[in-house]
Amino acid sequence: MIDLMPTSEEEAAAIVRAHAESGQPLAICGGDSRSGFGNAVVAEGRLRSTGLSGIVAYNPGEMVMTVRAGTPLAELEAALSESGQMLAFEPMDHRPVMGTSGEPTIGGVFAANVSGPRRLIAGAARDSLLGVRFVNGKGEIIKAGGRVMKNVTGLDLVKLVAGSHGTLAFLTEVTFRVPPRPKTEQTVVLSGLNDAEAANAMAAAMALPVEVSGAAHLPLTVTWKFLAGTLPEGEATVLRIEGLAGSVDVRIEKLVAAMSAFATVTRLEQPDSRRLWQEIRDVLPYADGTARPVWRVSVAPGTGHQLVAALRLEAGVDAFYDWQGGLVWMRMEAGPEAELVRRFIKALGGGHATLIRASAEARAVTAAFHPEPEAVAMLSRRVKEKFDPAGIFNPGKMG
């Protein structure tokens, strides 16, 4: 595959126009850290954003940053760290679990709508996005949104592009919110709860006025893989609180008092807490160097453990839970079992399952993204036709 790496929007637009006129498809790519994500794309040319790099505008006092889409994520996070700010949605690094290399880019993060443990209070990546510049499938340079949230039409377009996995547009620039980084954090660990008991405990914790910013449950099959096996013995239900030191201490005391009714409670101070949530974010237990199928399943928080229990009656499944149980990371011991997984999700009230990792053979016969209802699929096709009438951007990647 030929890599095409424009260094300006105009150059990118010219490349797209040429491919649209000839009908030649383009694989859209950033730093290639999610290589293989989604359905296979057949294209001779790969349009990469890595030549469009650098911070365009950043005034920490405004808590807004504008950067070119190919900017390495590590570069902008270093700049944010110097100013005591952060990406609120805590994007995961897919490389460990997917076994890929490359360098994650900020455009790739928004194109895939990548979000981590803090999503349950901060929203997804798209919720931090204020504006975008992109090249559509006609080779036109488009600007939507801006540095403040006031252009409703533009903002809708921004939300539409986020999470489209390069099937609608080639992102060239993104503008997003960057709130203050918490001064400190602590994590409360509840030991010995089964999956159902943990779901109840997490629901109770989220209902408290203590601003829990992370809620996950780690069953026995995975607890030993976190913090190099130093978590307390038994299953671990973990709850994070962040903020100013004095505030964190007060809220932690309230949380410990309430959670003591559910299980034995211990605490993790900041260094271990930060490391733990990074390992949860990056799905450390399944970063095992294998091609065993890994699913990312989003369901109602109260039904995640029910889904896993039902699946275990018919297939080999290992799992742990984030987002108060609403995000289930599942590793299958044999094949993906896509029909079974999606049938049970529907039976439990709905949700969606995305195949993150599998062998090439399994990927060839398994839809990576959850099938859309026909009405939604029809709308998606109409949107695709408007953005990319020649159908050259990542054809087939999402459907």
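The values are calculated or read from the model by the stated rules, or taken from the named source; none is laboratory data. What you see is a predicted model, and the numbers here were worked out from it, not measured in a lab. All Cβ positions, even for glycine, are placed from backbone atoms using ideal geometry, and neighbour counts span all protein chains on display. The accessibility values were calculated without ligands, DNA or RNA, using every heavy atom of the protein model including side chains. Shrake-Rupley method; radii C 1.70, N 1.55, O 1.52, S 1.80 Å.
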Open item on the list: Within the stretch 127-134, does at least one residue satisfy the condition of being open to solvent by 10 Å² or more (accessible area, probe 1.4 Å) and not in a strand (DSSP E or B)?
Closed with: yes
Task: Lone qualifier among Gly102, Gly38 - being at positive phi, surrounded by 21 or more Cβ atoms within 10 Å (Cβ to Cβ) and at pLDDT below 95 - done: Gly38
Open item on the list: Just to be sure I understand the filter: pairs with C-beta atoms under 6 Å, separated by 6 or more residues or on different chains, first member in the stretch 73-98 and part of a helix (DSSP H, G or I), second member charged (D, E, K, R). Which pairs pass?
Closed with: Pro96/Asp282; Met98/Arg357
- [ ] Just need a number here: residues in the stretch 248-272 that are of a type in the set (D, E, K, R) and in a strand (DSSP E or B).
- [x] 1
Open item on the list: Suppose the filter is more than 26 Å from Ser298 (Cα to Cα) and surrounded by 24 or more Cβ atoms within 10 Å (Cβ to Cβ); does Thr50 pass it?
Closed with: no
Task: Matching residues in the stretch 192-214 - criterion: being among the polar types (S, T, N, Q) and assigned to a helix (DSSP H, G or I) - done: Asn200
TODO: Determine which member of the set Leu348, Leu311 is open to solvent by 10 Å² or more (accessible area, probe 1.4 Å), at negative phi and aliphatic (A, V, I, L, M).
DONE: Leu348
TODO: Looking at (1) in a helix (DSSP H, G or I); (2) surrounded by 19 or more Cβ atoms within 10 Å (Cβ to Cβ), find the lone condition where Arg275 falls short.
DONE: (2)
Open item on the list: Any residue that is touching a strand residue (DSSP E or B) at 6+ places or on another chain (Cβ under 6 Å) and in a helix (DSSP H, G or I) - is there at least one of those in the stretch 16-38?
Closed with: yes
TODO: For residues that are surrounded by 21 or more Cβ atoms within 10 Å (Cβ to Cβ) and closer than 18 Å to Glu253 by Cβ, tally how many sit in the stretch 179-195.
DONE: 6
Open item on the list: Of everything in the stretch 247-272, what is farther than 27 Å from Ser115 by Cα, open to solvent by 90 Å² or more (accessible area, probe 1.4 Å) and either touching a residue at least 60 places away in the same chain (Cβ under 8 Å) or β-branched (Val, Ile, Thr) (or both)? Give them in sequence order.
Closed with: Thr264
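So which of Pro336, Pro301 ends up being of a type outside the set (A, V, I, L, M), part of a loop (DSSP other than H, G, I, E, B) and crowded, with 22+ Cβ neighbours inside 10 Å?
On the way: Pro301 fails: crowded, with 22+ Cβ neighbours inside 10 Å.
Result of the check over Pro336, Pro301: Pro336.
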